[in-house]
């Protein structure tokens, strides 16, 4: 039913009674679950809301895809009518940079294949060789964005190879230089490059790691098994991995290699992908 009286025709006491409810198709009033509406307020018109009311007016805006709108009360004492249109009107900014992994040195590389944004900006752009600025684009919330970083670059006398896309905090976004991202928020994306040859140590999610969790074992017994993934970029020799004292490592959890020996990952395999390394601790006698 779409015969709910407009707000300006409802008496004050009536508005107080129904402000957190709406009339559903069966003709009964239904409470609004504000927590469902306010799942993620960042980068939406619900940011800063202190109260959200759902209202079914007699007529909704022509581009409204629902038969209701939200009346949003903000902390700054303003009120807005918010609705879901045929095109989302929430715009998020994406800033793309490039830098050398584990340093603050930024690189000038040309990002190509960038999805056209709301401003019609070019489909390519060159990142600055400084921390300031970047290749900036703006997209509607929910847009599927594409962008491709070059496979290689140079820095002084070094050859660089693409490593990963991450955010400003260093959290992994993608290991594929042909980035595919659904816009959910405003963020900075960084294409990271490494000086080759480079050895990669990661967890199962592709995030960089430098250690495993603590191991526990009784004397002369083995601990629970943990694992990590090892690989390389631009390696020119096989990758040899040696366990520390009192540890054993394996490629299959059947054949274990102890301190003083190593497991070998062929150069081609290491450059092509990641190999899981299993680790266990042997308790001292």
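The values are calculated or read from the model by the stated rules, or taken from the named source; none is laboratory data. Quick caveat, the model's predicted, so the values are computed rather than measured. In this analysis, Cβ positions are derived from the backbone assuming ideal geometry, glycine residues included, and neighbour counts consider all displayed protein chains.
Structure notes:
- Qualifying residue in the range 202-209 (condition: part of a strand (DSSP E or B) and on the phi < 0 side of the Ramachandran plot): yes
For every residue, the table says whether it meets (1) assigned by TED's automatic domain parsing to the domain that holds residue 128; (2) farther than 21 Å from residue 117 by Cα; (3) surrounded by fewer than 15 Cβ atoms within 10 Å (Cβ to Cβ).
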{"site": "156", "(1), (2), (3)": "yes, yes, yes"}
{"site": "160", "(1), (2), (3)": "yes, yes, no"}
{"site": "163", "(1), (2), (3)": "yes, yes, no"}
{"site": "170", "(1), (2), (3)": "yes, yes, yes"}
{"site": "173", "(1), (2), (3)": "yes, no, no"}
{"site": "178", "(1), (2), (3)": "yes, no, yes"}
{"site": "184", "(1), (2), (3)": "yes, no, yes"}
{"site": "188", "(1), (2), (3)": "yes, no, no"}
{"site": "191", "(1), (2), (3)": "yes, no, no"}
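- Near pairs, Cβ below 7 angstrom, 6+ apart or cross-chain, from the range 118-139 (in contact (Cβ under 8 Å) with a residue 60 or more places away in the chain) to any residue that is part of a loop (DSSP other than H, G, I, E, B): 127/107; 127/108; 127/109; 127/134
- Among residues of the range 219-245 being without any contact (Cβ under 8 Å) to a residue 40 or more places away in the chain and surrounded by 15 or more Cβ atoms within 10 Å (Cβ to Cβ), the one that is farthest from residue 270 (Cα to Cα) is 243.
- From the options 106, 101, 74, residue that is surrounded by 14 or more Cβ atoms within 10 Å (Cβ to Cβ) and at pLDDT below 90: 74
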